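J.: My questions will all concern the structure given below.
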Amino acid sequence: MVFSSLLFLFLFLPLNLLIYYSVKNSKIKNIILVIFSLIFYAWGEPIWIGLLIFSAFIDYLNGLFINKYLGKPIAKLGLYSTLFFNLGFLFTFKYSDFIVENFNFIFSTNFVKPGFLLPIGISFYSFQTISYTIDVYKGEVKVQKSFINFLLFVSLFHQLVAGPIVRYSHITNEIKNRLFSWVDFSNGVSRFCMGLFKKVCIANIAGSICLQFLDEDLSSLSVLGGWYGIIMYSLQIYFDFSGYSDMAIGLGWMFGFHYHENFNYPYISKSITDFWRRWHISLSTFFRDYIYIPLGGNKKHFIRNIAIVWTLTGLWHGASWNFIFWGMYFGIILLVEKLILNKILNKTPTILRHVYTLFFIVIGWSIFYFTDIKQLLLFLKIIFGFTQNQLFDFEVQNAFIENIYWLILAVILCCPIYIVVQEKMQFYFMNPIKYSVNLVLDITFFIISVSLLVGSTYNPFIYFRF
């Protein structure tokens with residue numbers, strides 16, 4: 001089940017809200033959320049519900065064990081156990097085929113790939129429970145002694161399958177003590193409707209245009225067609241993921257949880273360093289806090305540390321060489337910026353810094369998109385004019401003209417204009433006017449989104465595969 005589905009919008013969410021707010025006892029509320037979260041997770045692939053509960057139970061026990069022997073050397077066993085099981089599950093279900101495939105290639109063997117299906121959300125909830133155990137070991141959070149409450153932290157359907165990666169410290173107080181607020185609930189509805197609009201009306205349309213150009217035979221792709229297609233993919237992946245994060249954060253507010261922001265208008269960045277402070281913030285801060293800084297951060301072997309972190313960042317996204325190259329690509333750019341470019345960029349006009357950043361971001365999404373390395377290399381040759389492909393075709397012209405107003409809207413939503421308007425409204429207008437405008441916007445976003453969902457079969461979500 002996905003947030004941008006009619007089943008979720010008109011049955012699952014209203015029913016969950018109705019039952020949740022019909023009771024006052026906080027323990028029962030938590031049980032209701034756990035039940036609905038498990039139903040949500042099991043809806044598409046019920047076979048993996050057992051793995052989710054087992055993984056949560058292992059980490060729950062490890063937390064108790066660490067807490068019992070906190071400060072003693074034996075406490076490390078609980079930490080090692082968490083790393084062993086969670087990384088073991090990841091390697092088994094996500095990377096085993098990739099490992100066997102490369103082993104066969106290197107050593108000319110013929111081992112059969114296991115062919116495991118990838119449990120939805122395993123990369124997200126594995127990192128959440130790993131961070132919890134590490135924080136308990138470091139004494140930064142108190143251990144959770146209720147398994148139901150811990151399972152709630154792991155399985156909350158708002159962020160279970162696609163993040164943001166929520167750390168236990170972010171919501172530890174709200175697991176036990178959540179206060180209802182009409183302001184939070186109203187803001188949550190608004191945030192959800194905006195996220196739904198971004199997902200359905202921007203990401204899905206960008207995705208369908210992208211397929212029109214990048215999923216055809218590349219030999220007939222024009223240079224401008226290649227650029228237009230990959231720019232559409234750049235819009236799709238941003239609005240797809242940030243829209244889903246908006247919906248997750250909005251849902252959290254509706255139920256009394258306050259998740260951290262996951263995106264901060266990354267396409268207005270003035271450098272790649274700035275971009276990665278704004279894109280998928282929960283993942284980049286996880287790698288920073290739990291890998292980069294413990295390795296020495298900027299103080300010791302920072303080149304090695306950057307190489308490790310960005311190789312792992314690429315691997316986290318998928319078991320394919322293009323993802324590894326994608327991580328290394330950004331790691332190299334970040335390293336060059338740190339050593340050389342930042343001093344130059346600081347003296348460069350803002351518009352040129354934006355152009356520089358967007359250029360390397362779009363090339364990065366090319367590496368991300370093509371899992372077939374041969375296709376990737378061919379595509380890069382085409383867009384840089386190293387093939388005999390024509391420069392222009394009427395398909396690009398027609399696609400651009402037909403979608404010009406939609407494209408203007410997409411570009412506007414890449415900028416914090418909506419936030420600025422909201423702030424101006426709060427400053428200049430009285431509450432009744434402000435709330436009325438917000439209500440009209442929410443209803444408009446919702447109706448337009450639902451209208452596009454009705455009868456539509458194209459409603460993918462890119463980050464489900466991670």
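The values are calculated or read from the model by the stated rules, or taken from the named source; none is laboratory data. These numbers were taken from a predicted model, which means no experiment stands behind them. Because the Cβ atoms are built from the backbone with ideal geometry, glycine has one as well, and the counts that use them run over all protein chains shown.
J.: In this structure, is Arg167 surrounded by fewer than 19 Cβ atoms within 10 Å (Cβ to Cβ) and touching a residue at least 12 places away in the same chain (Cβ under 8 Å)?
T.: no
J.: Exactly one of these conditions fails for Leu117: (1) modelled with pLDDT of 90 or more; (2) within 26 Å of Val166 (Cβ to Cβ). Give me its number.
T.: (1)
J.: Moving on. Does Ile419 count as β-branched (Val, Ile, Thr), modelled with pLDDT of 70 or more and either touching an Asp or Glu at 6+ places or on another chain (Cβ under 7 Å) or farther than 30 Å from His317 by Cβ (or both)?
T.: Answer is no for this residue.
J.: Quick check on Phe192: is it of a type in the set (Phe, Trp, Tyr), part of a helix (DSSP H, G or I) and more than 17 Å from the chain's Cα centre (by Cα)? So that I can check it myself, show each step before the final result.
T.: Values: of a type in the set (Phe, Trp, Tyr): yes; part of a helix (DSSP H, G or I): yes; more than 17 Å from the chain's Cα centre (by Cα): no.
So Phe192 fails the test.
J.: Can Phe65 be described as among the aromatic types (Phe, Trp, Tyr) and either within 29 Å of Gly314 (Cβ to Cβ) or touching a residue at least 40 places away in the same chain (Cβ under 8 Å) (or both)?
T.: Criteria not met by Phe65.
J.: Further question on the same structure: Would you check which residues across the stretch 278-300 are more than 14 Å from the chain's Cα centre (by Cα), farther than 14 Å from Gly331 by Cβ and either among the hydrophobic types (A, V, I, L, M, F, W, C) or part of a helix (DSSP H, G or I) (or both) and list them?
T.: Within the stretch 278-300, Asp289, Tyr290, Ile293, Pro294 qualify.
Residue by residue, here is whether (1) in contact with a Cys (Cβ under 7 Å, 6 or more places away or on another chain); (2) in a helix (DSSP H, G or I); (3) of a type in the set (D, E, K, R) holds:
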{"site": "Phe3", "(1), (2), (3)": "no, no, no"}
{"site": "Phe10", "(1), (2), (3)": "no, yes, no"}
{"site": "Leu15", "(1), (2), (3)": "no, yes, no"}
{"site": "Val23", "(1), (2), (3)": "no, no, no"}
{"site": "Lys27", "(1), (2), (3)": "no, yes, yes"}
{"site": "Ile31", "(1), (2), (3)": "no, yes, no"}
{"site": "Phe36", "(1), (2), (3)": "no, yes, no"}
{"site": "Ile39", "(1), (2), (3)": "no, yes, no"}
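J.: With respect to the numbered conditions (1) closer than 17 Å to Asp59 by Cα; (2) at pLDDT 90 or above, which one is the sole condition not fulfilled by Asp184?
T.: Just one mismatch for Asp184, condition (1).
J.: Restricting to the stretch 321-346, count the residues that are surrounded by 20 or more Cβ atoms within 10 Å (Cβ to Cβ) and either assigned to a loop (DSSP other than H, G, I, E, B) or at positive phi (or both).
T.: Going through the stretch 321-346 one residue at a time, the tally reaches 0.
Condition check ((1) in contact (Cβ under 8 Å) with a residue 40 or more places away in the chain; (2) buried (at least 21 other Cβ atoms within 10 Å of the Cβ); (3) not assigned by TED's automatic domain parsing to the domain that holds Leu315) across all residues:
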| residue | (1), (2), (3) |
| --- | --- |
| Phe57 | yes, no, yes |
| Leu77 | no, no, yes |
| Leu117 | yes, no, yes |
| Ser155 | yes, yes, yes |
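J.: Report yes if some residue within the stretch 162-182 is within 23 Å of Met254 (Cβ to Cβ), in a loop (DSSP other than H, G, I, E, B) and hydroxyl-bearing (Ser, Thr, Tyr); otherwise report no.
T.: So far as the stretch 162-182 goes, yes, one or more of its residues are within 23 Å of Met254 (Cβ to Cβ), in a loop (DSSP other than H, G, I, E, B) and hydroxyl-bearing (Ser, Thr, Tyr).
J.: Could you tell me whether Thr92 is within 25 Å of the chain's Cα centre (by Cα), among the hydroxyl-bearing types (Ser, Thr, Tyr), modelled with pLDDT under 95 and under 30 Å from Gly256 (Cβ atoms)?
T.: Answer is no for this residue.
J.: Considering the stretch 379-395 alone, what residues qualify as being buried (at least 18 other Cβ atoms within 10 Å of the Cβ), part of a helix (DSSP H, G or I) and not β-branched (Val, Ile, Thr)?
T.: Phe379
J.: Here's a follow-up. Residue check, Val143 against (1) surrounded by 15 or more Cβ atoms within 10 Å (Cβ to Cβ); (2) more than 25 Å from the chain's Cα centre (by Cα); (3) assigned to a helix (DSSP H, G or I), all met but one. Which one?
T.: In the conditions (1) surrounded by 15 or more Cβ atoms within 10 Å (Cβ to Cβ); (2) more than 25 Å from the chain's Cα centre (by Cα); (3) assigned to a helix (DSSP H, G or I), Val143 misses (3) alone.
J.: For residues in the stretch 1-43 being buried (at least 18 other Cβ atoms within 10 Å of the Cβ) and of a type in the set (S, T, N, Q), which is modelled with the lowest pLDDT?
T.: Filtering first and then ranking leaves Ser4.
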